[in-house]
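Asker: Quick one: structure below, then a few questions.
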Amino acid sequence: KRRSIRHFTGDPIPGEKILAILDIARYAASGGNSQPVQWLVVHDPERVKKIAPLTVELMKSLQNTGHLMLTVPALLAAWERGVDVICRGAPHLLFATIPDDNPIAPVDAIIALTHVDIAAPAYGVATCWAGFVAGAAAFYEPLQKELGLPAGHRCGYAMMLGYPKYKVHAIPRRKPLQVAWQ
């Protein structure tokens with residue numbers, strides 16, 4: 001039943017439940033079994049509410065610059081109307097942090113977060129990959145300061161966590177399997 005959830009109740013998830021999910025992610029594969037991923041949990045919903053505006057601030061500054069970080073006018077317009085299109089009202093954010101000097105660690109971060117994504121529904125926890133936040137955390141100094149990333153570490157990627165506002169009845173349809181054999 002894994003799927004991206006974009007509507008959260010806002011109710012906090014107990015830290016013990018998040019730790020149980022992260023304990024599963026500890027077993028994710030990593031290059032050379034180096035296990036480089038460390039976790040930063042933004043558990044305080046008020047801190048989460050500070051991260052979305054910083055992300056939007058960066059996106060606005062990048063409009064019409066050709067920068068790779070996606071700046072969608074409709075998304076920014078929704079933000080201006082008071083719709084949280086960045087963190088979607090999630091009460092928590094999870095950051096997989098990785099060493100600055102490890103060139104394969106970004107892949108390890110994605111693998112570990114995939115384990116979180118798959119394990120979370122067993123605990124009643126909903127997830128959604130936080131691409132805009134991850135993009136901003138990768139290089140926007142005001143957001144990096146707000147996060148207080150560990151020295152020598154950077155954001156590998158980010159994920160929203162919360163309880164789903166609506167019951168999931170099915171996963172989205174998938175394209176047919178495509179395989180080439182040689």
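The values are calculated or read from the model by the stated rules, or taken from the named source; none is laboratory data. Treat the numbers as computed from the prediction; the structure is a model and nothing was measured. All Cβ positions, even for glycine, are placed from backbone atoms using ideal geometry, and neighbour counts span all protein chains on display. Heavy atoms of the whole protein, side chains included, go into the accessibility calculation; ligands, DNA and RNA do not. Shrake-Rupley method; radii C 1.70, N 1.55, O 1.52, S 1.80 Å.
Asker: If ARG88 passes every condition in (1) within 13 Å of the chain's Cα centre (by Cα); (2) on the phi < 0 side of the Ramachandran plot; (3) charged (D, E, K, R) but one, which one does it miss?
Answerer: Going through (1) within 13 Å of the chain's Cα centre (by Cα); (2) on the phi < 0 side of the Ramachandran plot; (3) charged (D, E, K, R) one by one, ARG88 breaks only (2).
Asker: If you don't mind, there's one more thing I want to ask. Given the condition polar (S, T, N, Q), surrounded by fewer than 17 Cβ atoms within 10 Å (Cβ to Cβ) and farther than 19 Å from VAL116 by Cα, answer yes or no: does some residue in the stretch 69-76 qualify?
Answerer: No, the stretch 69-76 has no match at all.
Asker: Also: So, in the stretch 25-45, how many residues would count as being over 17 Å from the mean Cα position of the chain (by Cα) and in a helix (DSSP H, G or I)?
Answerer: 3
So that you can scan it fast, the table gives a plain yes or no per residue for (1) in a helix (DSSP H, G or I); (2) open to solvent by 30 Å² or more (accessible area, probe 1.4 Å); (3) modelled with pLDDT of 95 or more; (4) within 17 Å of ARG6 (Cα to Cα):
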position	(1), (2), (3), (4)
VAL116	yes, no, yes, yes
VAL133	yes, no, yes, yes
ALA151	no, yes, no, no
MET159	no, no, yes, yes
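Asker: Could you please find all residues in the stretch 1-21 being under 22 Å from GLU46 (Cα atoms) and either at pLDDT below 95 or in contact with a strand residue (DSSP E or B) (Cβ under 8 Å, 6 or more places away or on another chain) (or both)?
Answerer: Once the filter is applied, which keeps residues that are under 22 Å from GLU46 (Cα atoms) and either at pLDDT below 95 or in contact with a strand residue (DSSP E or B) (Cβ under 8 Å, 6 or more places away or on another chain) (or both), the stretch 1-21 yields ILE5, ARG6, HIS7, PHE8, THR9, GLY10, ASP11, PRO12, ILE13, GLY15, ILE18.
Asker: Against the condition over 22 Å from ILE5 (Cα atoms), at pLDDT below 95 and out of contact with any Leu (no Cβ under 6 Å at 6 or more places or on another chain), how does GLY66 come out, does it pass?
Answerer: The answer is yes for GLY66.
Asker: For the stretch 121-131, enumerate the residues that are open to solvent by less than 50 Å² (accessible area, probe 1.4 Å) and either outside any helix (DSSP H, G or I) or modelled with pLDDT of 95 or more (or both).
Answerer: The answer is GLY124, VAL125, ALA126, THR127, CYS128, ALA130.
Asker: Still on this structure, please answer the following. Checking THR97 against (1) β-branched (Val, Ile, Thr); (2) touching a Ser or Thr at 6+ places or on another chain (Cβ under 8 Å); (3) closer than 20 Å to TYR27 by Cα, which test does it fail?
Answerer: All conditions are met except number (2).
Asker: Another one. Could you grab me the full set of residues in the stretch 1-60 that are open to solvent by less than 30 Å² (accessible area, probe 1.4 Å) and touching a Lys or Arg at 6+ places or on another chain (Cβ under 7 Å)?
Answerer: PHE8
Asker: Could you check, for the stretch 77-94, whether at least one of its residues is surrounded by fewer than 12 Cβ atoms within 10 Å (Cβ to Cβ), at pLDDT below 95, of a type in the set (A, V, I, L, M, F, W, C) and out of contact with any Asp or Glu (no Cβ under 7 Å at 6 or more places or on another chain)?
Answerer: Checked against the condition, which is being surrounded by fewer than 12 Cβ atoms within 10 Å (Cβ to Cβ), at pLDDT below 95, of a type in the set (A, V, I, L, M, F, W, C) and out of contact with any Asp or Glu (no Cβ under 7 Å at 6 or more places or on another chain), the stretch 77-94 yields at least one hit.
Asker: I've got another one for you. Tell me the residue from ALA105, ALA112 that is touching a residue at least 40 places away in the same chain (Cβ under 8 Å), in contact with a helix residue (DSSP H, G or I) (Cβ under 7 Å, 6 or more places away or on another chain), small (Gly, Ala, Ser) and within 24 Å of ILE24 (Cα to Cα), please.
Answerer: Of ALA105, ALA112, the one residue that is touching a residue at least 40 places away in the same chain (Cβ under 8 Å), in contact with a helix residue (DSSP H, G or I) (Cβ under 7 Å, 6 or more places away or on another chain), small (Gly, Ala, Ser) and within 24 Å of ILE24 (Cα to Cα) is ALA112.
Asker: Only one residue in GLU57, GLU16 is in a helix (DSSP H, G or I) and either in contact with a Cys (Cβ under 7 Å, 6 or more places away or on another chain) or under 23 Å from GLY124 (Cα atoms) (or both), so which one is that?
Answerer: GLU16
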